[in-house]
């Protein structure tokens, strides 16, 4: 039990940082089906395309969008209209960091639709590009609010969870491996403490029951040994809980939508003052 705990504890606190190379690691929330909060006011649509280069993947995403929209209307869009729309979208390279890209309009017989590309995400795997695009349908681009993302988590979001249960905040941030190791370390340290406490009580009871002086000394010695294990286990549990909370607050997690919370409680570090707790309130 104790050896198992020490191995797990060592792994947790020597684990490397699993964050990705990009500033915003992992898929964007809407790629996984988590649409923005204002999805009840705007008709968002996510489409996906694949190709052996990015342009082909983007063209396939546009094709998927048009076919999906035309299917909803019960009409068939010509290949000429699809090609024209793909060309318009390829020329629409305005940066998302400024304003949204301009609207694209499709008009053919009884089929007319206006859509605005809100964001795009792509991955490359074994030479195959997969792109996801987020569009808003039939809403003027000037009325669509900009979507902001973040991969930082406040103490109230993740740190508090890990302070209650080690690893909970990491699971919340989609750091499942680290969360599992913190949780195992927490369970292991508590289990080690309970086992040592039971052994301490057992040996102390035996020492009081025997009249043999040598045997009594042996029981007391064993009890003292388990007292040391209890103290070490309790200290390890405290370190695991605190470290898990600090890690959940100070490290980056999966990309999420940025929310304008008025109250933010975060851990911050700097070379001069070390670790500090920052409390910010926006009026």
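Among the residues of region 198-220, is any closer than 30 Å to residue 161 by Cα and either in a helix (DSSP H, G or I) or in contact with a helix residue (DSSP H, G or I) (Cβ under 6 Å, 6 or more places away or on another chain) (or both)? Lay out the reasoning, then the answer.
Narrowing region 198-220 to residues closer than 30 Å to residue 161 by Cα: 198.
Remaining after also requiring either in a helix (DSSP H, G or I) or in contact with a helix residue (DSSP H, G or I) (Cβ under 6 Å, 6 or more places away or on another chain) (or both): 198.
Checking region 198-220: at least one residue is closer than 30 Å to residue 161 by Cα and either in a helix (DSSP H, G or I) or in contact with a helix residue (DSSP H, G or I) (Cβ under 6 Å, 6 or more places away or on another chain) (or both).
The single condition among (1) in a helix (DSSP H, G or I); (2) surrounded by 20 or more Cβ atoms within 10 Å (Cβ to Cβ); (3) touching a strand residue (DSSP E or B) at 6+ places or on another chain (Cβ under 8 Å) that residue 156 does not meet is (2). When the residues of region 107-152 are filtered to those that are farther than 28 Å from residue 173 by Cα and in contact with a helix residue (DSSP H, G or I) (Cβ under 6 Å, 6 or more places away or on another chain), the one that is surrounded by the most Cβ atoms within 10 Å (Cβ to Cβ) is 116. State which residue is nearest to residue 130 (Cα to Cα) when the search covers only region 28-44 and only residues that are surrounded by fewer than 17 Cβ atoms within 10 Å (Cβ to Cβ) and more than 23 Å from the chain's Cα centre (by Cα). Checked region 28-44; the qualifying residue nearest to residue 130 (Cα to Cα) is 43. Only one of the numbered conditions (1) at pLDDT below 85; (2) out of contact with any helix residue (DSSP H, G or I) (no Cβ under 6 Å at 6 or more places or on another chain); (3) closer than 23 Å to residue 141 by Cα is violated by residue 83, and that is (1). You will find that of 62, 77, the residue that is buried (at least 17 other Cβ atoms within 10 Å of the Cβ) and either assigned to a loop (DSSP other than H, G, I, E, B) or at pLDDT below 80 (or both) is 77 and no other.
Residue by residue through region 39-59, note down the ones that are part of a loop (DSSP other than H, G, I, E, B) and under 21 Å from residue 123 (Cβ atoms).
52, 53
The values are calculated or read from the model by the stated rules, or taken from the named source; none is laboratory data. Keep in mind that this is a model prediction, so the values were computed, not measured. Ideal geometry is used to build each Cβ from the backbone, glycine not excepted, and the neighbour counts take in all protein chains shown.
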